[in-house]
Amino acid sequence: MDAGKKDIENDGGIGGHRDNSKTQRNGQHKWLASLENILQYILRNEESGQATLLVEELIERLRESGLKIPLTVTTPYINTIPVEKEPAYPGHREIERRIKSYVRWNALAMVVKANRLHPDIGGHISTYASSATLYEVAFNHFFRGGADERLADMVYFQGHASPGIYSRAYVEWRINAPRLHHFRQELSAVGGLPSYPHPYLMPDFWQFPSVSMGLAPIMSIYHARFVRYLQSRGFLPGEEPRIWCFVGDGEMDEPESSGALSLAGREHLDNLTWVVNCNLQRLDGPVRGNGKIIQELESLFRGTGWNVIKVIWGSDWDPLLAADEKGLLVKRMEEAVDGDYQKYSVEPGSYTRKHFFGKYPELAAMVNHLTDDQIRKLLRGGHDPAKVFAAYHTAVNHKGMPTVILAKTVKGYGLGEAGEGRNITHQQKALNERELREFRSRFDIPLADDEVVETPFYRPPLDSAETRYVQARRQALGGFVPERKVKAPALKVPEANDYSEFLKGSAQHAMSTTGATVRLLTKLLRHDEIGRRIVPIIPDEARTFGMDSLFRQIGIYSPTGQLYEPVDREALLYYNETKDGQIIEEGITEAGAMSSFIAAGTAYANLGVNMIPFYFYYSMFGFQRIGDLIWAAADCRAKGFLFGATAGRTTLNGEGLQHQDGHSHILASTIPTLLTYDPGFAYEIAVIIRDGLRRLYTEGEDYFYYLTLYNENYEMPGIPPGVEQGIIKGLYRLRAAPKGKSHKAHIFSSGPLLRGALKAQDILAEQFDVSADVWSATSYKLLRGEALNVKRWNMLHPTAAQKKSYLETTLQQEEGVFVAVSDYMKMVPDQIAPWVPGGLASLGTDGFGRSDTRANLRRFFEVDTELTVIAALYALYEKGALAGGKVEEAIKKLGVDPEKSHPFYL
Ligand SMILES: Cc1ncc(C[n+]2csc(CCOP(=O)(O)OP(=O)(O)O)c2C)c(N)n1
Ligand SMILES: [Mg+2]
């Protein structure tokens, strides 16, 4: 470094200006000499890793001196790893090629067969056809398995490549032929195979769902980061697993794919390797027909701190590039756009000779010694095991940065006229006899012409050289991949008395359900067994939820600790970043926070350790914003607790249309394994969380929870006797009405609106001669689920003794009318209407939110105390128990304008 600096200084003026031509020439001469010195120095220091630093410093100083240095984030359109740096290939190339060919064949056969039997069943051939080498090199040499207590690598497979992954498992003798025969026929008696990677459907095989484009990329980044978090906190003492993510080049257009790249760069996640399969095509056509996706991605990744390895050209190109003294070949490679390259993959070699090489006579002359067929077969890098191996080898040994491998391939490679490089190839599922034979011959599958028609699966016998090779490689690498194994031992969760302060009420002290939950969390964090395992996750909203007290108590995770003196250092609750911090404070990324939830919530299966995510977020920015990731969490069998805070369309009062959530419970109700609750009191929350911890971490059930939390402060009552089961099941009588009235009604309510319902009870009794019981409906979703379950059983067993659901049993003796009111849309309580005797009249917050006071909003949405009273009276009128005039009188008396606008349409 010093020598380099000295040379620059001796020159006395890089970037300086000379004003006559003689001195200019002298200056140039000196510069060139200095440059040569620098170059020599750089080359001498290349191995020590100093070279990059030196070049960077040089550029920096040139810039400082005022020179306009062009920003270049791309490198030439050639392989990043020069031939002379490629390591020797450690495997048996010929055997590996045969194995790969069989995997290719079965992957194709399973799709063709399934579609022959069931023409609409779908499936994909061309994605795996383009990525077979990318996977096979990894299976034979890189993916580590989880035998011997070691943590297996976590691999996010490209979803549409799943036939290839099943086929690999078949060739490894892990899956049998009947299952391959039933690809996409999961409901068959033998148990088929799901279309795509779904841990929910194959919990001992797949680890991560990846087919909703963009989710796997972002999940993989947060997974790699979560592994570092666990290491920092002392949970993963052994060898670190690697996270691999295989992404489509079209998939890179999803915002989620690129949205978290800078996190991986910033946190130096060198345990993460991405492989972007750049087959230049997506579903409809080229990804960047008029440009070059590899170059575009290179600049994107480089700009966010990734190590980029381009694998563009196969070994056949090496001699051509070596002979390219004038740089014409590289120039032509850079000129051609992806649309051209796609064309070269479908046309004969003569076309490429004329249009690619032929543009410059000297370049054309360079391929005179090649036949058209040889030109056609010039391999792309992603199909060349030597190049792919070199890239993986470099990637896994690269320290301090995540690595992305941009591998150029051909979509539908090997399909020939049936689809290779064609725009239709993504959806190609049927090959005719001739096409099948050609594929068979191209990959030397040992099947006779007449056998090919039936597309039988093929795998070498158990004692064959190929099977032994496959098994030996996997054994050497520590077992099979993918494999999902639950190893985490059950936890001892807190006892009843740990919750007692939340059960006894807040004694005139007003607090919100959010505040109560944060207090409960603070308490649980101190618990011996589970305290350390809780992973609080917050996307920049801790102060809103009153969680800032946790900053100090357990620290915010930062891989670098705190390099600065925080401005609030003097305050008790200062912003405390530490290397072993427990809080994951994501910044403003709900998608990132949810990805952390998934990483933490699946640690019991993927990392052998039970972790308990508590993710607090603005409820409006949950299901609505990142619903697909929540769906993926369910698919992953993630466990943990989601807290939709600042919930309720009227309870979150000042924020208006884009913040006020009155429908997340509807969206949440679509997820089968999600247990949803809308609690109104601290004791309800304590009961739900206590039961949840037991179910998830002691009983080992694969569910997760959603609780809506509010910011309205009020006194928390103590728990009435005997209501725990009701809280958990979704409904219990909170306060019975005064007896001896002429009419009977019931009000179901939840969240903060419970208080309005209790007031309505008083008004109904005092002013309208109605005794109305108030019920807390903690979960309409769970009530409906159980009721449907019972009804279904009864329907299918009509002569057996008919069963009754909890809802039916609970309400069967009740008389009178039923109304429901919550801070959610009417459809939420309507879910249970079929089982409510005499039907249910629901009030709810249908419509766009407004910013105003709670009282005004509750009147506007017609969910306040007065409207609840009116709804009960009207229900009595509908039943014939009360005259219409009485209801009209009540409307007047209660000061409700009957001509007010309907909030849903306003
Ligand atoms: C979020 C989402 N949108 C759309 C799709 C439908 N889809 C499936 S594959 C595909 C094209 C994928 O192209 P690419 O990522 O380049 O993968 P390739 O098959 O070329 O490797 C599309 C649009 C999807 N699966 N997920
Ligand atoms: Mg593609």
Mind checking the full-extension length gain between Thr799 and Ser742? Use 0.36 nm per residue of separation minus the Cα-Cα distance, one decimal, nm.
16.5 nm
Column: log10 I(q)/I(0), Debye, Cα scatterers of the chain, q = 0.04 Å⁻¹
-0.25
Would you please classify the overall shape of the range 185-262 from the alpha carbon gyration tensor, given that a ≥ b ≥ c denote the square roots of the eigenvalues, rounded means a/c under 1.5, and beyond that prolate means a/b larger than b/c while oblate covers the rest?
oblate
Counting Lys and Arg as +1 and Asp and Glu as -1, each charge on the Cβ, what is the dipole of the chain about the Cα centre in debye, to the nearest 20?
900 debye
Dipole size in debye (nearest 20) for the range 668-805 around its Cα centre, Lys and Arg Cβ +1, Asp and Glu Cβ -1?
560 debye
Assuming a ≥ b ≥ c are the square roots of the Cα gyration tensor eigenvalues, decide whether the range 513-563 counts as rounded (a/c under 1.5), prolate (otherwise, with a/b larger than b/c) or oblate.
oblate
Need the list of aspartates and glutamates near Lys326 for cross-linking: C-alpha distance under 17 angstrom, and skip anything on the same chain fewer than eight residues off.
Asp318, Glu334, Glu335, Glu362
Packing-based ranking, highest mean first, of 268-280, 182-194, 215-227 given that Cβ atoms within 10 Å are counted
215-227, 268-280, 182-194
Summing Lys, Arg as +1 and Asp, Glu as -1, what charge do residues with Cβ under 10 Å from the Cβ of Asn794 carry, Asn794 excluded?
+4
On a 21 Å Cα-Cα criterion, which of the cross-link pairs Lys744/Lys791; Lys487/Lys579; Lys310/Lys399; Lys292/Lys399; Lys331/Lys408 come out too long?
Lys744/Lys791; Lys487/Lys579; Lys292/Lys399
Could you tell me which of rounded, prolate or oblate describes the range 482-634, using a ≥ b ≥ c as the square roots of the eigenvalues of the alpha-carbon gyration tensor, with rounded for a/c under 1.5 and, failing that, prolate when a/b is larger than b/c and oblate otherwise?
rounded
With angles folded into 0 to 90 degrees, how steeply does helix 753-768 sit against the dominant principal axis of the chain? Use alpha carbons for both and round to 10.
20 degrees
Which of Ser805, Leu58, Ala152, positive extreme of dipole for the chain (C-beta unit charges)
Ser805
Going highest first, how would you order 684-693, 784-793 by mean Cβ packing within 10 Å?
684-693, 784-793
Suppose only helical runs count, i.e. DSSP H with n ≥ 4. What mean residue ellipticity at 222 nm does that imply for the chain under -39500 (n - 2.57) per run, divided by all residues and rounded to the nearest 500 deg cm²/dmol?
-12000 deg cm²/dmol
Of all DSSP beta bridges with both partners in the chain, the antiparallel percent, nearest 5, is 10 percent
Rounded Å value of the spacing that divides the Cα centres of the range 428-469 and the range 570-606
49 Å
Which residue, chosen from Tyr222, Val103, Ala871, occupies the Cα position most advanced towards the positive end of the dipole of the chain, where the dipole is computed from +1 (Lys, Arg) and -1 (Asp, Glu) charges on Cβ about the Cα centre?
Val103
Burial ranking of peptide ranges 75-84, 249-258, 105-114 (average Cβ count within 10 Å, highest at the top)
105-114, 249-258, 75-84
Sequence neighbours fewer than 8 away in the same chain don't count; with that in mind, list the lysines whose C-alpha is under 19 Å from Lys739.
Lys759
How about Lys68: which aspartates and glutamates have a C-alpha closer than 14 Å to its C-alpha, ignoring those fewer than 8 places off in the same chain?
Glu60
Could you give the size of the charge dipole of the range 264-306 about its Cα centre, using +1 on the Cβ of each K and R and -1 on the Cβ of each D and E, expressed in debye and rounded to the nearest 20?
120 debye
Between the helical axis of 162-171 and the dominant principal axis of the chain, each derived from Cα atoms, what acute angle in degrees is found, rounded to the nearest 10?
70 degrees
Net charge within 9 Å of Asn106 by Cβ-Cβ distance, Lys/Arg positive one each and Asp/Glu negative one each, not counting Asn106 itself?
+3
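Read-outs: derived from the displayed coordinates by stated rules, not from any lab. Predicted model, so just to flag it, every value in this text is computed and none were measured. Positions of Cβ are generated from backbone atoms using ideal geometry, with glycine treated the same way; all protein chains shown enter the neighbour counts.
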